[in-house]
1. Any idea how many residues of the range 79-97 are buried (at least 16 other Cβ atoms within 10 Å of the Cβ) and closer than 18 Å to residue 130 by Cα?
2. So residue 18 fits all but one of (1) at pLDDT 75 or above; (2) part of a loop (DSSP other than H, G, I, E, B); what number is the exception?
3. Give me the residue from the range 96-122 that is of a type in the set (Ser, Thr, Tyr) and in a loop (DSSP other than H, G, I, E, B) and, out of that set, modelled with the highest pLDDT.
Amino acid sequence: MSDPLVRLDRLVKLSLALNGVLLLAVSALAYTVFAVVLAEPAQVAGVTDFEEPQSGETEGDYRVEMRQFFDRMVDVLDRQARRQGVNPADVLPTQKQIDDAVETRTMHSDESQLVLQKLREGFDYFDLTWPIAIPDR
């Protein structure tokens, strides 16, 4: 029979060796997981990388937003005018005025203010609620 101290010494050495192997395996696994996670760029809707140069796309998108806003307002007024037997041309801005406003890329330009004024007058004429959400650029 072997000495209990020798057995205990072997057990401690075996435990340390096993813990060392496990630590090495966990470290390798953690490194692999973090390497994969950190290698993948984060994708968030509507957010671009800081390093990406800004292109004209932002301005183009705003023109689309402006046009969609004006088109929604024109559609509301056009339907209301036809329901009440009013000539839509009397209450709507012209397509040229809308095109000129959209090309300015801002709601603060004289062209955009002219279109907004014409739309507002149409909404007032038909006693419609003016929309709160107006693009603010």
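The values are calculated or read from the model by the stated rules, or taken from the named source; none is laboratory data. Keep in mind the model is a prediction, meaning the values are calculated, not measured. All Cβ positions, even for glycine, are placed from backbone atoms using ideal geometry, and neighbour counts span all protein chains on display.
1. Qualifying residue count, the range 79-97: 5.
2. Of everything listed in (1) at pLDDT 75 or above; (2) part of a loop (DSSP other than H, G, I, E, B), residue 18 misses just condition (2).
3. Checking each candidate, the answer is 109.
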